[in-house]
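Inspection log for the structure reproduced underneath, given as structure tokens.
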Amino acid sequence: MSWDQVWIDVNVATMSPSVSAPYGAITDAAIAVKEGKIVWVGPRSELPEFDVLSTPVYRGKGGWITPGLIDAHTHLVFAGSRANEFELRLQGASYEEIARSGGGIISTVKACREASEAELFELGRKRLNALAKEGVTTIEIKSGYGLDTETELKLLRVARELGKHHHVDVKTTFLGAHAIPPEYKDDVDGYVDLVINEMLPAVMAEGLADAADVFCENIAFSVEQTERVLSAAKKAGLDIKLHAEQLSNLGGSAMAAKLGAKSVDHIEYLDEDGIIAMSKSGTCATLLPGAFYFLRETQMPPIELLRKHKVPIVIASDYNPGSSPLCSSLLMLNMACTLFRLTPEEALAGMTRNAAKALGIEDKVGVLEAGMQADFCLWDITTPAELAYTYGAGACLEVVKAGHLVHQ
Ligand code: NIG
Ligand code: FE
């Protein structure tokens, strides 16, 4: 056999459903990589013979290899800081009150309109580096802090550029309907028209988005307005997803599921009817423990019902300046367990296999099987549960992206 590299002296959490052990684990395993793809993974004792003289062999010192982490919901490209709102909230103001009084998302919009592409790129690059260091190999980045055509395009261009200049793969999402811009505060339908008739065609013309998203909430867009945007985006050929049921139960999730949404995100207030609709359409449930924690939410997402109806659970950082200023995907694994009581295995599936499904890339990444892209991490841990159990000890030793060693 001729391969580009072989990994031995490792245990592998394949996260593949075809391996029956928890985490799809294979202890004392080997992985062989050729031309950016995994060509063989299994017990080392069964590794076919290969040319040891011409093949680089990496030793994992008994650590664990997992699929590269996938952060399927972020707002990583933004300018400005909302530390002042953090202080206001500590004095008793609520997230909704701040949003209604012109702060919140709108304050980040002002900063993004003023920032240049180069400034936004530099801010994004630093954050992406931080995530990459902890094992993230694919990320989704949303627009939504422009709320005018020019700035929405600018944010998406920056996200695309980050993907071109960084080894982390970037999937981009157009979130023009994130909040109501001050210019349209008395004409929300007019703004929805602008999103559909001007922004979306411009985004499509430049090929800037892979998906579209809307914030469906009583401080943002109604279910009807959301449906108009998502239907137009679907017609234009984009995947669709939704911020829904974060502060109240409006029924956006069921509507989005019927349109074939890849995921519905936040969903603390989601009811069983919505979950049944998601289960029928194969829509993922993306839980965002960072926002739950930072907003000190007390309404738990309906974890038991998601399990009962076998809705794939995704865990993401929702990294953004307002509700989740926590630039760490690994921290979310811990929070998914401590706050939402997920098992460490469910949490890891939420940042690998299920996150890939939410982004529509499950045929390429998310599990370690022959034929998949060679995106994986080597961790200095003794059991995969340690990824969620501990935080901040620098357990990520190596990252391999499409067969290239990118971080040591
Ligand atoms: O995912 N829910 C809406 N959007 C973001 C928050 C954005 C902000 O506050 O800047 C979220 O939590
Ligand atoms: Fe979000």
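The values are calculated or read from the model by the stated rules, or taken from the named source; none is laboratory data. All values reported here derive from a predicted model rather than from experimental measurement. Glycine gets a Cβ as well: all are built from the backbone with ideal geometry, and neighbour counts include every protein chain shown.
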Review point. Is there a residue in the range 216-227 that is over 14 Å from the mean Cα position of the chain (by Cα), of a type outside the set (S, T, N, Q), surrounded by 18 or more Cβ atoms within 10 Å (Cβ to Cβ) and closer than 20 Å to D71 by Cβ?
Key: no
Review point. Hey, L153 hits all of (1) touching a Leu at 6+ places or on another chain (Cβ under 8 Å); (2) within 30 Å of N334 (Cβ to Cβ) but one; which does it fall short on?
Key: (2)
**Study point:** Of all residues in the range 11-36 being of a type in the set (S, T, N, Q) and in contact with a Gly (Cβ under 8 Å, 6 or more places away or on another chain), the one that is farthest from G366 (Cα to Cα)
**Key:** N11
Exercise for review: Among residues belonging to the range 229-249 that are out of contact with any strand residue (DSSP E or B) (no Cβ under 6 Å at 6 or more places or on another chain) and not charged (D, E, K, R), point out the one that is nearest to ligand 2 (Cβ to nearest atom).
Suggested key: L247
Practice item. Can you run down the residue pairs with Cβ atoms below 7 Å, 6 or more apart or on separate chains, where the first is in the range 294-311 and surrounded by 13 or more Cβ atoms within 10 Å (Cβ to Cβ) and modelled with pLDDT of 95 or more and the partner is small (G, A, S) and not in a loop (DSSP other than H, G, I, E, B)? Key: F294/S324; L306/A285; H309/S279; V311/S279; V311/A285
Practice item. Would you point out the residue of the range 232-268, among those that are under 20 Å from the mean Cα position of the chain (by Cα) and more than 21 Å from G144 (Cβ to Cβ), that is surrounded by the fewest Cβ atoms within 10 Å (Cβ to Cβ)? Key: G260
Point to revise | Some residue of the range 252-263 being more than 15 Å from ligand 2 (Cβ to nearest atom) and part of a loop (DSSP other than H, G, I, E, B) | key: yes
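Can you tell me which residues in the range 302-352 are of a type in the set (D, E) and over 13 Å from the mean Cα position of the chain (by Cα)? Steps first, answer last, please.
Initial filter on the range 302-352 (of a type in the set (D, E)): 304, 318, 345-346.
The answer is E304, E345, E346.
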Study note, to complete from the structure: Scanning the range 339-359 for residues that are among the polar types (S, T, N, Q) and either within 14 Å of ligand 2 (Cβ to nearest atom) or touching a residue at least 12 places away in the same chain (Cβ under 8 Å) (or both) gives T352, N354
Exercise for review: Sort out which residues of the range 64-84 are more than 10 Å from the chain's Cα centre (by Cα) and within 16 Å of ligand 2 (Cβ to nearest atom), and write them in order of number.
Suggested key: L76, V77, F78, R82
Check your understanding: Scanning for something loosely packed, with under 14 Cβ neighbours inside 10 Å and at pLDDT 95 or above, does the range 99-109 turn up at least one residue?
Key -> no
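Select from the range 276-286 the residues that are of a type in the set (A, V, I, L, M) and under 20 Å from the mean Cα position of the chain (by Cα) and write down the one among them that is farthest from ligand 2 (Cβ to nearest atom). Step through it out loud before you land on a result.
Our first condition is that a residue be of a type in the set (A, V, I, L, M); within the range 276-286, this holds for 276-278, 285.
Cutting the leftovers down to under 20 Å from the mean Cα position of the chain (by Cα) gives us 278, 285.
Details: M278: 18, A285: 14 Å.
Restricting to residues being of a type in the set (A, V, I, L, M) and under 20 Å from the mean Cα position of the chain (by Cα), the top hit is M278.
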Check your understanding: Can you name the helices (runs of 4 or more DSSP H) wholly within the range 53-126 that have at least 3 residues being free of Cβ contacts under 8 Å to residues at least 24 places away in the same chain and within 16 Å of ligand 1 (Cβ to nearest atom)?
Key -> 83-90
Practice item. Read through the list (1) closer than 20 Å to N11 by Cβ; (2) part of a helix (DSSP H, G or I), then give the number of the only condition that W40 fails. Key: (2)
